[in-house]
1. What number of residues within region 65-102 satisfy the criterion of being small (Gly, Ala, Ser) and within 16 Å of the ligand (Cβ to nearest atom)?
2. For region 195-219, give me the residue count where each residue is within 20 Å of ALA40 (Cβ to Cβ), within 13 Å of the ligand (Cβ to nearest atom) and not polar (S, T, N, Q).
3. Among the numbered conditions (1) farther than 28 Å from ASP35 by Cα; (2) within 16 Å of the ligand (Cβ to nearest atom), tell me where ALA116 comes up short.
4. So, ALA61, is that one buried (at least 18 other Cβ atoms within 10 Å of the Cβ) and within 16 Å of the ligand (Cβ to nearest atom) or not?
5. If you scan region 40-56, which residues turn out to be open to solvent by 50 Å² or more (accessible area, probe 1.4 Å) and small (Gly, Ala, Ser)?
6. Inspect all residues belonging to region 179-198 and state whether any of them is in a helix (DSSP H, G or I) and touching a Gly at 6+ places or on another chain (Cβ under 7 Å).
7. Every residue in region 241-253 that is within 24 Å of ALA64 (Cβ to Cβ) and either in a helix (DSSP H, G or I) or without any contact (Cβ under 8 Å) to a residue 40 or more places away in the chain (or both), please.
8. Look at region 114-133 and say how many of its residues are part of a helix (DSSP H, G or I) and open to solvent by 10 Å² or more (accessible area, probe 1.4 Å).
Amino acid sequence: MVRRPFIAGNWKMNTTRSEAVQLVEALREAVAGVDGVDMAVCPPSVYLDAVSAAVQGSSVALGAQNMYHQAKGAYTGELSAAMLLDVGCRYVILGHSERRHVLGESNEDVCRKVHAAFAAGLTPIVCVGETLDEREANKTTDIVAEQFFGSLAGIDGDQAAQVVIAYEPVWAIGTGVVATVAQAGEVHANLRGMMTSRYGAAVADQIRIQYGGSVTADNAAELLAISDIDGALVGGASLKADSFAKIIRAAVS
Ligand code: PGA
């Protein structure tokens, strides 16, 4: 089965309001007419509304960088899935390594969020990936398996077919050190195997697995050429419309 590629930009905590709007307006223009690929931007949450207005009528979808698992209530500072939907989000990044390692999110936390995202009708982009220490200790497969199975506990096959997994080796994020084609290909193939063992081949074949970690306009094409790499989650290179548009084009060329 040929999975439709999906390129998402994670802007993290890096834009002002006017930069966010200008960036997405330039991106809209740069990708006008590009077909055969899903694309999304994930701005800081306070600018979701502004960016949502700016992408109306384009093929650029909107995603959030995080959410809370509760539907509503006394959770100061948090945002619910329904709120994200309300401002036009279709996707939400969950369990990004910065949330796991800087903010202390566990697989159980991520799993609760995945359930809440599906319950509300958002598509989760669930991030997994090992640290450098874990890779050097030959624990990559174990860590990725723990994160994959832990974050998707209780998720059924129909939901799993919709989920997006982002394999992001922590040592490659924001470092300029991209995983080699062999390294990324191996983990992506292992992830496909985990999906098959858990959900069967028909579902596993539908799940898109993005690679993330120092993806640029220069290295995207060779990564995206790998059969189990179905897209990219892009940080730094998504902050410039021209480089992000090149990565999007690389997914369909
Ligand atoms: P990077 O970030 O492309 O800047 O390495 C990727 C990510 O954290 O999603």
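The values are calculated or read from the model by the stated rules, or taken from the named source; none is laboratory data. Bear in mind that the values here come from a model prediction, so they are computed numbers and not experimental data. Heads up, the Cβs are rebuilt from the backbone with ideal geometry, glycines too, and the neighbour counts pull from every protein chain shown. Each accessible area value is taken on the protein alone, full model and side chains, heavy atoms only, with ligands, DNA and RNA left out. Shrake-Rupley method; radii C 1.70, N 1.55, O 1.52, S 1.80 Å.
1. Looking only at that region, the number is 2.
2. The total comes to 5.
3. (2)
4. So ALA61 does not fit the description; no.
5. Passing the criteria: SER45, ALA53.
6. no
7. Correct list: ALA241, SER243, PHE244, ALA245, ILE247, ILE248.
8. Residues flagged as part of a helix (DSSP H, G or I) and open to solvent by 10 Å² or more (accessible area, probe 1.4 Å) within region 114-133 amount to 7.
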